[in-house]
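The values are calculated or read from the model by the stated rules, or taken from the named source; none is laboratory data. Worth saying up front: this structure is predicted, and the values here are computed from it rather than measured. Cβ placement follows ideal geometry from the backbone for every residue including glycine, while neighbour counts extend to all protein chains displayed. When the accessible area is computed, the model is the full protein with side chains, heavy atoms only, and any ligands, DNA or RNA have been set aside. Shrake-Rupley method; radii C 1.70, N 1.55, O 1.52, S 1.80 Å.
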Amino acid sequence: MSAESPLVRFENIQKSYDGEILVVKNFNLDVAKGEFVTMLGPSGSGKTTCLMMLAGFEPATHGEIYLKGKPINKVPPYKRGIGMVFQNYALFPHMTVAENLAFPLEVRGMGKAEREERVKRALDMVQLGEFGGRRPMQLSGGQQQRVAVARSLVFDPDLVLMDEPLGALDKNLREQMQYEIKHLHEQLGLTVVYVTHDQTEALTMSNRIAVFENGIVQQCAPPAELYESPSNAFVANFIGENNRIMGTVTALEKGVAKVTADSGESISAKQVNVHSVGDRTTLSLRPERVTVSPAEGSVDNQFSARVEELIYHGDHIRTRFTVCGHDDFIVKVPNSAGHAALQQGNTVTIGWKMEDCLALDA
Amino acid sequence: MSTADISISQDGIPLKQKLAKTTALQRRRALLLTMPLVLFLLVSFVVPIGQMLFNSVHNDKVSAVVPNFADAILQWDGVGLPPEETFEIFVKDMIQAKKVREVGRTVGNLATRVNYEMPGSRSLFTSTARKAKKIKEGPYKEALIKLNKKWGNPQIWLTLQRAARDITPAFYVAALDLKYAEDGSIERADELYQIYLNNFMKTLWLSALITFICILLAYPVAYLLSVLPLRQSNLLMIMVLLPFWTSLLVRTTAWIAILQTEGIINDMLVFLGFISDDGRIQMIYNQTGTIIAMVHILLPFMILPLYSVMKTIPPSYMRAALSMGAKPLYAYRKVYFPQTLPGLAAGTLLVFILAIGYYITPALVGGEDGLLISNLIAYHIQKSLNWSLGAALGTILLVVVLLLYWLYNKLIGIDKLRFG
Ligand SMILES: Nc1ncnc2c1ncn2[C@@H]1O[C@H](COP(=O)(O)OP(=O)(O)OP(=O)(O)O)[C@@H](O)[C@H]1O
Ligand SMILES: [Mg+2]
C-alpha cells in the first residue's frame, strides 16, 4: 500500500449471485482521490455488480472493499456517503426536481434555508435553475440526467458512482453530457467511478479505464496506454479499431517476435504476451499506423496489397486491402495529395513499423 | 403559409370535414363493437336500477285493489271520518275485490300494504272483505263500524289515504327508521323498530374495518410478490388467487368448519389448554365470523391492485434513497410508500364497496349481529316481499356508495387509481 491509502480499494473481490457462477472473479482496483475511473466492458461482464458492491446494495461473496482505508463490507449503504447516478436516473416521480435534490439534505437534518440555497446552487451548476418546480416526468431525457447528476452531488459526497448515466441519450446529447460531467469532475475535484460499455465515452472521460470481460479485469490503464499498448487481444479489439493477422511465433529476441502469418509471410512484431516459439498469436495493428507506399527503410514490414474498396471520409480515405491472406485489412489513408491516385483493384505496397504491430495472445 | 392553407386539404375540402369523413367508418365500427356490451349493460344494469328507483317510491296496491275508493279517499279533507259516499264506495270495492284472484290485486295485497304503515291492521281487511257482502244497503258508515269498530278510528282512514297515492315517500320513511305520527307528520320510529339506520352504520363500520384488515394483510404480501424471483412469486400468486378458483360457498363453509365452537381452532385451543372445554370461543355466527370470512374473500381485491403498482416501482428508487443517506424506514416512508398510493387507493375503494354490498357470506356465517344491510334488503325482496322497502334500502345504499365515491374523488382523485 502506498503512503497515502487510496480512496477506494477493491481487494480480491469475488461475487456470485447463485452460488454456481462467479460473475466477478478476483477483482482488484484502487481508486485515488480525484480520479475518474471507468469500468468498461461488454454487457453482462459484471460492471454494475462491482458498482453495487461498492455502493453497498450487493454483498461481496469474498474479499474486502475499503473506503478511505476502512473496510466497508459491513457498513450499510446509507452510511457510506456515496453519491450515485442510476442508469434510469431513479428520480422520485412524486417529488418535484427541487424536492428530489433536497432529499439527501433533509435526511442529513439540514435547515430549510441552507437546503434551499444548496439546491439552487446545484441546479444552477447543471443549468437547470428554472426547473426546480417541475416533476421529473416533465423534463427531457437530458434534463433528467442532469438532475440526477446534480442530486448525486448536492450533498458533497467523497465519491460518486455513475452507472451508464448516458445510456438513454442520443449521440449529440451524449457528447454534450460527457463534456459536462467531465467538467464537473475537474471543477469540483470529484472522485468518480463510472460504468459504460461505450469505449469512446470511456476514452474521452477517464483518467483510467478498467476493461472487464467475464468478471475479470483484462487491463486497467490510462486511455492512451490502453489504446497504444493493449496487454491482450481482447483489449486491443475492444478499444478502438484494429486489424488482426493470425500467425505463429517463429523467433523471439529482445522483445521482437518473428511471426509467420498463416498465409506464409514473415512479420516482425513487438512481443506483448507471447512467451515461446511456436505460440499461436494475434497480430494487432491500428488502421492509422499503416503507411501506403512507404519510403525505403522507414518501415520494418512491407507487403504488396490489393485495394478492394475505398470509402471517402473527407479528411481520410478508409481503404480496405487484401494482405497477408486477410481481405478485411483496413487502412486510414490521410487525404493528402500523394494518395489521391489509389484505385480499386490496383496493387500497392503497404508497410508498418515493428512497434506498431503487437504480438498478442491468440 | 397562412392558417387557411393549413386547414384546407388539397381538394379544397376543409381539413376537419375531411378528417371526420375518413374516421367515420372507424368510429362506426368501434360503435358496433361496443354495442353488445352497451346493450348488456342497459338490460342488466341501467334498467334494473331504474326499476329499483321506481319501486322504491311507487306502490299501487291500494289503487289496484280498490280503485274507486282510492280516487274517493284522496278527495277527503282528513277531518274526522270520511263522508258516507266514501264508505259506500269502499264497501262496494271490497265486495268486488274479494272475487279477484289475480296475483297482486287481491285483498291480501291491500292488507299487506296497509299493514306496512299500520302494523296489526292486516286481519281487519281480510275479515272485512269476507263479511262485506252482508252489507246490502246504507248507511254504510254505521254498518261498517258495526262490522268492526276499528273502522271508526280515523287513523285507519288517514293511513289508507296516504297509501292510496301510487307515488309515496313512505318506504324511505320506513327505511330511515321514521314513521308517520297520528297527525301525518314524520317522527322517529319506536325503539323496537329502529333497525335500518343502525344496520347501515354497522355495515359501514364493518366494511371499513374489513378494508383496514385487508390493507394490513395485503400490503406485505403484495410487496413480497413484487420483489420475489419469478418462480416463487408465481407460486405465491397462485396461493393468492386460489380463493378465486373455489366456490364462494365452499370457502365459506370451510370457515364454518374451522371456526365453529366444535371446530378446529377451538379444539386446538382446548387441547393446548388455553381455554377450558366449556369456555369455547364463539367465532362464527356473529360479527367476528363475518369479518374473518369476508377479509379472506376480499383479500385478493386488495392484493392485486397493490401488486400491479408495486411491480412497476423499480428497486433503484429505494437504492437511490439509501445512497443519499436515508435510513431504510425513512426511505420507505418518503419514497416507496407514496408511490404505492394509487394501488392502495384502488384496492381500498374496491374492497370497501364490495364489502358494503356483500350478501352471501354474512348470510351464512354472520348469525344475527353479523348481518349487513344487503341481508336485510334480501330479506325484504325474498321473504317479506316488501319490494318497495327493499328498493328504498337499496337506493339508499346506492346513494351512500356514490357519496363515498364522490368524497374519494375529492380527496384522492379517481384518475389516480390503478387497478392493473
Ligand atoms: N440480481 C442478480 N441475480 C442474479 N444474477 C445477476 C443479478 N444481477 C446480475 N446478474 C448476473 O451477473 C452478471 C453481471 O451482471 P452485471 O449487471 O454486473 O453486468 P453489466 O456488466 O453491468 O452489464 P450491462 O452492461 O448489460 O449493464 C450477468 O451475467 C447477470 O446475469
Ligand atoms: Mg449494468
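Summary of values
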{"item": "Condition check for residue B:111: in contact with a helix residue (DSSP H, G or I) (Cβ under 6 Å, 6 or more places away or on another chain) and in contact (Cβ under 8 Å) with a residue 12 or more places away in the chain", "result": "yes"}
{"item": "Subset tally (residues that are farther than 22 Å from residue A:236 by Cα, within 16 Å of ligand 2 (Cβ to nearest atom) and away from every other protein chain (no Cβ under 14 Å)) for the range A:10-58", "result": "3"}
{"item": "Residue in the range B:69-79 that is open to solvent by 50 Å² or more (accessible area, probe 1.4 Å), aliphatic (A, V, I, L, M), touching a Pro at 6+ places or on another chain (Cβ under 7 Å) and not in a helix (DSSP H, G or I) present", "result": "no"}
{"item": "Residue selected from the range A:154-167 under the condition within 11 Å of chain B (Cβ to nearest Cβ) and more than 16 Å from ligand 2 (Cβ to nearest atom), by the criterion nearest to residue A:95 (Cα to Cα)", "result": "A:154"}
{"item": "Pair list, Cβ under 7 Å, 6 or more apart: the range A:95-108 residue at the interface with chain B (Cβ under 9 Å from one of its Cβ atoms), other residue surrounded by fewer than 17 Cβ atoms within 10 Å (Cβ to Cβ) and part of a helix (DSSP H, G or I)", "result": "A:107/B:330"}
{"item": "Residue check, residue A:107 of a type in the set (A, V, I, L, M, F, W, C), closer than 22 Å to residue A:201 by Cα and away from ligand 1 (no atom under 16 Å from the Cβ)", "result": "no"}
{"item": "The one condition in (1) more than 13 Å from chain B (Cβ to nearest Cβ); (2) aliphatic (A, V, I, L, M); (3) assigned to a loop (DSSP other than H, G, I, E, B) that residue A:91 fails to fulfil", "result": "(1)"}
{"item": "Residue check, residue B:388 of a type in the set (Ser, Thr, Tyr) and within 14 Å of another protein chain (Cβ to nearest Cβ)", "result": "no"}
{"item": "Test set (1) within 14 Å of chain A (Cβ to nearest Cβ); (2) open to solvent by 10 Å² or more (accessible area, probe 1.4 Å); (3) touching a helix residue (DSSP H, G or I) at 6+ places or on another chain (Cβ under 9 Å); (4) part of a helix (DSSP H, G or I) - residue B:231 fails condition number", "result": "(3)"}
{"item": "Check on residue A:116, closer than 30 Å to residue A:169 by Cα, acidic (Asp, Glu), more than 16 Å from ligand 2 (Cβ to nearest atom) and surrounded by 13 or more Cβ atoms within 10 Å (Cβ to Cβ)", "result": "yes"}
{"item": "Pairs where the first residue, in the range A:205-218, is assigned by TED's automatic domain parsing to the domain that holds residue A:22 and the second is part of a loop (DSSP other than H, G, I, E, B) and hydroxyl-bearing (Ser, Thr, Tyr), C-beta under 8 Å, 6+ apart", "result": "A:212/A:45; A:213/A:45; A:214/A:45; A:215/A:45; A:218/A:231"}
{"item": "Residue tally, condition closer than 19 Å to residue B:340 by Cα and polar (S, T, N, Q), over the range B:211-252", "result": "3"}
{"item": "Residue in the range B:283-306 that is within 14 Å of chain A (Cβ to nearest Cβ), surrounded by 20 or more Cβ atoms within 10 Å (Cβ to Cβ) and not in a loop (DSSP other than H, G, I, E, B) present", "result": "no"}
{"item": "Leading residue by the ranking (modelled with the lowest pLDDT) among those in the range A:77-88 that are within 8 Å of another protein chain (Cβ to nearest Cβ) and touching an Asp or Glu at 6+ places or on another chain (Cβ under 8 Å)", "result": "A:87"}
{"item": "Among residues of the range A:199-216, those that are open to solvent by 40 Å² or more (accessible area, probe 1.4 Å) and either within 16 Å of ligand 2 (Cβ to nearest atom) or touching a strand residue (DSSP E or B) at 6+ places or on another chain (Cβ under 8 Å) (or both), counted", "result": "7"}
{"item": "Residue ID - least open to solvent (accessible area, probe 1.4 Å), chosen from residues in the range A:341-355 that are within 13 Å of residue A:302 (Cβ to Cβ) and assigned to a loop (DSSP other than H, G, I, E, B)", "result": "A:354"}
{"item": "Pair list, Cβ under 9 Å, 6 or more apart: the range B:319-347 residue within 10 Å of chain A (Cβ to nearest Cβ) and at positive phi, other residue surrounded by fewer than 16 Cβ atoms within 10 Å (Cβ to Cβ) and in a helix (DSSP H, G or I)", "result": "B:325/A:79"}
{"item": "Search result, residues across the range A:59-75 that are open to solvent by less than 40 Å² (accessible area, probe 1.4 Å) and within 14 Å of chain B (Cβ to nearest Cβ)", "result": "A:67, A:72"}
{"item": "Residues satisfying the stated conditions in the range A:9-56, i.e. in contact with a helix residue (DSSP H, G or I) (Cβ under 6 Å, 6 or more places away or on another chain), within 10 Å of ligand 1 (Cβ to nearest atom) and outside any strand (DSSP E or B)", "result": "A:41"}
{"item": "Checklist (1) in a helix (DSSP H, G or I); (2) more than 14 Å from every other protein chain (Cβ to nearest Cβ); (3) open to solvent by 40 Å² or more (accessible area, probe 1.4 Å) applied to residue A:185, failing item", "result": "(3)"}
{"item": "Those residues of the range A:165-182 which are outside any helix (DSSP H, G or I), open to solvent by 20 Å² or more (accessible area, probe 1.4 Å) and under 24 Å from residue A:9 (Cα atoms), in sequence order", "result": "none"}
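Yes/no per residue for (1) open to solvent by less than 50 Å² (accessible area, probe 1.4 Å); (2) in contact with a strand residue (DSSP E or B) (Cβ under 8 Å, 6 or more places away or on another chain); (3) in a loop (DSSP other than H, G, I, E, B); (4) among the hydrophobic types (A, V, I, L, M, F, W, C):
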site	(1), (2), (3), (4)
A:231	yes, yes, yes, no
A:237	no, yes, no, no
A:259	yes, yes, no, yes
A:270	no, yes, no, no
A:277	no, yes, yes, yes
A:281	yes, yes, no, no
A:299	yes, yes, yes, yes
